[in-house]
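No lab work stands behind these numbers, since they all come straight from the coordinates. Predicted model, so just to flag it, every value in this text is computed and none were measured. Counting neighbours? That spans all protein chains shown, and the Cβs are built from the backbone with ideal geometry, glycine included.
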Amino acid sequence: MTATKGYAAQDSKSDLAPWDFERREVGPHDVQFDIHYCGVCHSDLHQIKNDWGEGIFPMVPGHEIVGKVVKVGSHVKKFKVGDLAGTGCLVDSCRTCENCQEGLEQFCSNGMTGTYNSLEQDGKTPTYGGYSKTIVVHEDFVLHISDKLPLDAVAPLLCAGITTYSPLRHWKVGKGHKLAVLGLGGLGHMAVKFGVSFGAEVTVLSTSPEKEADAKKLGAHKFVVTKDAEQMKAVAGYFDFILDTVSAPHDLNAYLSLLRVNGVHICVGVPPTPYQLHAFSLIGGRRSLAGSLIGGLPETQEMLDYCAEHNIVSDIELIDIKDIDAAFERMVKGDVRYRFVIDIATL
């Protein structure tokens, strides 16, 4: 076993605090990399607080992980010591089901293994995430990171990036499409960057008028204040797609009315309570309500390569790990532009 240090929640009511624990020894197909940076995702807080069900404690969060390879197993072919590497939201899957065979490991029929708050495929060994010094992952679930981009700003691509890239690619959003991005946070700002890069006309829908300048700076073509009835009326039936990144409760019916016939509303945010939806919001325009998760390993690598080629990274605030609980408080208030990233050297 490999001794390491991390920050963990001991239960759902405690703050994160230093915790010493052990990683498994590097096996024949494993890659060990020392973590340099780890992004802070809203889902980290949800899982620590048991918002999505009973967690596995102690819990070391973090699934936007980048660093440098320090050891490889005897049969590893994809990585060597010194390579930059990353791991996102999953570290294993059954590999045998139809979805895994098609590179859709995030939809593993037998249950993918999350990077933290999950169990290994043996069904009993807990996983621990990136708020830590080092990690050991099977090479098939480690991603190549380009040295062309700042490593700290790459970290959030492993969740915020792929969560928005994947649905835009799946629905083939691009030139000639009118895309609305609902919410301009950690996910939303990446959706704007990708939508613009893919050639769509991008409009940000936000409750915060003060975010208009940032939206335009990110490349958005238009901005709609959703609290303004006249502005909302002006875009009724206008959009081909809405990418909904909001994790707070909100009225889907109001936004579905902004879609044209055959339009698609894609949910990637996860509010704490179920949506309230009227059937007429869908059948009135043959509209679709859809959802998307992260991407599989092939698509995540594709996204990372695309970002390296087109100079796309997240807008971040770099923090010391001792400030993580303050960062969580600010994140809940929407007071971050647009993703916190932990400098693991401060651990």
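Quick look at the numbers
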read-out	value
DSSP-assigned coil residues among trypsin sites (Lys or Arg not before Pro) in segment 243-314, each with at most 16 further Cβ atoms within 10 Å	Arg286
Inter-probe distance in nm under a simple model that places probes 7 Å from Cα toward Cβ, at Asp320 and Met1	3.0
Cα shape, the chain, gyration tensor, a/c 1.5 rule	prolate
Potential extension, Phe57-Phe107 segment - 0.36 nm per residue separation minus Cα distance	15.6 nm
Integer Hz, Karplus 6.51/-1.76/1.60 couplings in order for segment 302-308, x for Gly and Pro	4, 4, 4, 5, 4, 5, 5
Whether segment 161-291 is rounded, prolate or oblate, judged on the alpha carbon gyration tensor where a/c under 1.5 counts as rounded	rounded
Cα→Cβ-extended label distance, 7 Å offset, between Val70 and Asp122, nm	2.3
Calculated FRET efficiency for the pair Arg260/Lys77, C-beta based, R₀ 51 Å, to 0.05	0.60
All lysines inside 23 Å of Lys322 as judged from Cα atoms, apart from same-chain residues fewer than 8 positions distant	Lys5, Lys13, Lys49, Lys68, Lys133, Lys333
Long-range HN-HN contacts of His36 with modeled amide H, under 5 Å	Val66, Gly67, Lys68
Calculated FRET value between Lys217 and His29, using beta carbons and R₀ = 25 Å, to 0.05	0.05
Shape category assigned to segment 1-150 from the gyration tensor of Cα positions, a/c cut at 1.5	oblate
Mean ellipticity per residue at 222 nm, deg cm²/dmol - from DSSP H runs of n ≥ 4 across the chain, formula -39500 (n - 2.57)	-6000 deg cm²/dmol
Among Ala279, Ala85, Ala220: highest mean-square fluctuation, GNM of the chain, C-alpha pairs under 10 Å	Ala279
Pairwise FRET efficiency - Thr96 versus His144, Cβ, R0 = 22 Å, nearest 0.05	0.35
Rounded to 10°, Cα long-axis angle of helix 160-170 versus longest principal axis of the chain	60
Antiparallel DSSP beta bridges within the chain, percent to nearest 5	55
Within straight-line cross-link reach of Lys178, lysines at Cα separation under 27 Å, skipping those fewer than 8 residues along the same chain	Lys193, Lys211, Lys216, Lys217, Lys222, Lys227, Lys233
In Hz, Karplus ³J(HN,Hα) per residue of segment 262-276 (6.51, -1.76, 1.60; θ = phi - 60°; x = Gly, Pro)	6, x, 10, 9, 10, 8, 10, x, 10, x, x, 10, x, 5, 9
Extension gain from Glu22 to Lys175, taking 0.36 nm per residue of separation minus the Cα-Cα distance	50.2 nm
Karplus 3J(HN,Hα) series, Hz, for segment 128-133 with 6.51 cos²θ - 1.76 cosθ + 1.60 (x for Gly, Pro)	10, x, x, 6, 7, 7
Cross-link partners of Lys80 among aspartates and glutamates (Cα-Cα below 18 Å; sequence separation of 8 or more within a chain)	Glu25, Asp30, Asp34, Glu139, Asp140, Asp147
